[in-house]
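In what follows, a structure is listed as structure tokens, so that the remarks can point back to it.
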């Protein structure tokens, strides 16, 4: 099954965790999803926020996958299954976005890879919650595409240097046709 493609990913796409933090007084913090991706540039868009005030937002452009956590799920188990959705633009809350935007802007046109868990905490602000982001790993410049391909291929080799027979030469064998 193909991963559903969206125009952009926003924190609320991971779920309405902030509503639970506000409604259930026993919940003070909730991590509800993971976003992983490869960002190549930063785009600015102007749109109205929830109050109608027009603001400029900065989005990361690239390839991103979003994983909505299921009960008890964490980063290692979430990435073993298919993503819930994918997009070419990623909007992150202020304060979280800057760490990834800064990495992209200082990468001199190189792709930056990153992963971040998103959630919210109960807060005494007018919204009643605040977003938090926990980097899964530090944002870093991606290797060139050929070295990524070579790394994938190298995982097919066993530690003793021989190739894994189940992964090598899986093409159907050609039938021998000898005419005499």
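Computed from the coordinates by the stated procedures, all read-outs in this text should not be read as laboratory data. Owing to the predicted nature of the structure, the values given are computational and were not obtained by experimental measurement. Cβ sites come from the backbone with ideal geometry, for glycine too, and all protein chains shown count toward neighbours.
Set the Förster distance to 30 Å, then compute FRET efficiency between residue 7 and residue 27 from the Cβ-Cβ distance, nearest 0.05. It would help to have the intermediate numbers written out before the result.
Working: r = 31 Å, r/R0 = 1.03.
FRET efficiency, residue 7 to residue 27: 0.45.
Once the Cβ-Cβ distance between residue 46 and residue 140 is put in as r, and R0 is 25 Å, what FRET efficiency do you end up with, to the nearest 0.05?
Working: r = 30 Å, r/R0 = 1.22.
About 0.25, to the nearest 0.05.
Order by neighbour count: 112, 68, fewest other Cβ atoms within 10 Å first, most last. Display every interim value, and only then the final one.
Numbers: 112 23, 68 16.
Ordered from fewest to most neighbouring Cβ atoms within 10 Å, 112, 68 come out as 68, 112.
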Could you please rank 55, 6, placing first whichever residue has the fewest other Cβ atoms within 10 Å of its Cβ? 55, 6
Between residue 127 and residue 105, the FRET efficiency computed from the C-beta separation at R0 = 25 Å comes out, to the nearest 0.05, as 0.30
Residue 55 paired with residue 81, simple spin-label distance in nm, labels 7 Å along Cα-to-beta-carbon: 3.2
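Averaging sequence separations of C-alpha pairs under 8 Å and six or more residues apart, then dividing by the length of segment 5-154, give the relative contact order as a whole percent. It would help to have the intermediate numbers written out before the result.
On the way: 286 pairs, mean separation 42.8, N = 150.
Relative contact order for segment 5-154 comes out at 29 percent.
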Taking 132, 114 and counting other C-beta atoms within 10 Å, the order from fewest to most: 132, 114
